[in-house]
Protein chains: 2
Amino acid sequence: MNDGLIQNLNELFQAKARLGIMTVLASMGESDFLTIKKQLGLTDGNLSAHLRVLEEAGYIEIEKEFVNRKPKTTCRMTPAGREAFLHYLKELERIIQLARKGEK
Amino acid sequence: MNDGLIQNLNELFQAKARLGIMTVLASMGESDFLTIKKQLGLTDGNLSAHLRVLEEAGYIEIEKEFVNRKPKTTCRMTPAGREAFLHYLKELERIIQLARKGEK
């Protein structure tokens, strides 16, 4: 029996856009709005909405400042976000390992 | 630039329940309704709905028969389902690898 196969997968990271945002932030440390947008191919509105969900969950922090009089939005993971995301990655790896068991 | 970070992730497998169903079928070859239900902790209605989505996509086939006068539902992946799921697992692994890059 394997009762916990999917229960521990954090629903917040199941949305492709949010998985993408966390992956960009995890790999780059921090990133600005435009970079994330380009990497994920999202619209402004869509990216903003997903960033807000992650911010409200306490998983990322968003800093707005002016650089050369242009607004710049920088995002980074919080320690809680990093911990939750690493836990999520581990769960994914466990599931992938199980799924690949049947390959041989 | 990495324009394809999340675009190739098959939306059908992003639902936790469907990821779980495919994982069970991939690891066990085939499985019956009750076993999948127990492994994933889903309700009958919920599991049925997700199985139907996967069947309609051509990713699994569902066989109903009577065993000792009791109905038994057996599910297995189709070749197309296996191919799509293996592709999905590869995409996930690529994303995980990228996310883990920033760990060091």
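Values in this text are rule-based calculations from the coordinates and carry no lab data. Keep in mind it's a predicted model, so treat the numbers as computed, not measured. A quick note on method: Cβ atoms are made from the backbone with ideal geometry, for glycine too, and the neighbour counts reach across all protein chains shown.
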Inset, instruction - Let me know the mean shielding of A:8-20 by other chains, meaning the per-residue number of their Cβ atoms within 10 Å of its Cβ. - result: 3
Legend entry - Net dipole in debye of chain A [+1 Lys, Arg Cβ; -1 Asp, Glu Cβ; about Cα centre; nearest 20]: 400 debye
Legend entry - Separation between Cα centres of segment A:82-102 and segment B:43-104, rounded to whole Å: 16 Å
Inset, instruction - Quick one: with label points 7 Å out along Cα→Cβ, list the inter-copy distances for B:Glu63 in nm, shortest first? - result: 6.0
Legend entry - Charge dipole of segment A:51-104 about the Cα centre (unit charges at C-beta), most positive-ward option of A:Met77, A:Leu98, A:Ala57: A:Leu98
Inset, instruction - Grab the DSSP H runs of chain B that are 4 residues or longer, score each as -39,500 (n - 2.57), total them, divide by all residues and round the 222 nm result to the nearest 500 deg cm²/dmol. - result: -17500 deg cm²/dmol
Inset, instruction - Could you pull the copy-to-copy label distances for B:Ala49, with points set 7 Å along Cα to Cβ, in nm to one decimal and sorted shortest first? - result: 2.0
Legend entry - Across the identical copies, how the A:Glu103 labels are spaced - nm, sorted shortest first, 7 Å along Cα→Cβ: 1.9
Legend entry - Residues whose placed amide H lies under 5 Å from that of A:Lys72, excluding near-sequence neighbours: A:Glu65, A:Phe66, A:Val67
Inset, instruction - With a/c under 1.5 counting as rounded, go ahead and sort the protein assembly as shown into rounded, prolate or oblate using the C-alpha gyration tensor (a ≥ b ≥ c being the square roots of the eigenvalues; past the cut-off, prolate if a/b is larger than b/c, else oblate). - result: prolate
Legend entry - Sequence-distant residues sharing a close amide H with A:Thr78 (under 5 Å, placed H): A:Ile60, A:Glu61
Legend entry - Separation of the A:Thr35 and A:Glu83 label points, Cα + 7 Å toward Cβ, nm: 2.6 nm
Inset, instruction - Quote the charge dipole size of the protein assembly as shown about the Cα centre in Debye, to the nearest 20; the model charges only the Cβ of Lys and Arg (+1) and of Asp and Glu (-1). - result: 240 debye
Inset, instruction - Over 18 Å between C-alpha atoms is what I'm after, so list which of B:Lys16/B:Lys38; B:Lys16/B:Lys64; A:Lys16/A:Lys64; A:Lys72/B:Lys101; A:Lys90/B:Lys101; A:Lys16/A:Lys37 land there. - result: B:Lys16/B:Lys64; A:Lys16/A:Lys64; A:Lys72/B:Lys101
Legend entry - Inter-chain shielding of B:26-32 (mean C-beta neighbours from other protein chains, 10 Å cut-off): 3
Inset, instruction - State the answer as a single residue: which of A:Thr43, A:Gly29, A:Phe66 lies farthest towards the positive end of the charge dipole of chain A, with beta carbon charges of +1 for Lys and Arg and -1 for Asp and Glu, about the Cα centre. - result: A:Thr43
Legend entry - Lys, Arg +1 and Asp, Glu -1 on Cβ, resulting dipole of segment B:52-104 about Cα centre, debye, nearest 20: 260 debye
Legend entry - Length-normalised contact order for segment B:15-101 - Cα pairs under 8 Å, 6+ apart - percent: 29 percent
Inset, instruction - Using only Cα atoms, figure out Rg for segment A:13-101 and give it as a multiple of 2.2 N^0.38 Å. - result: 1.17
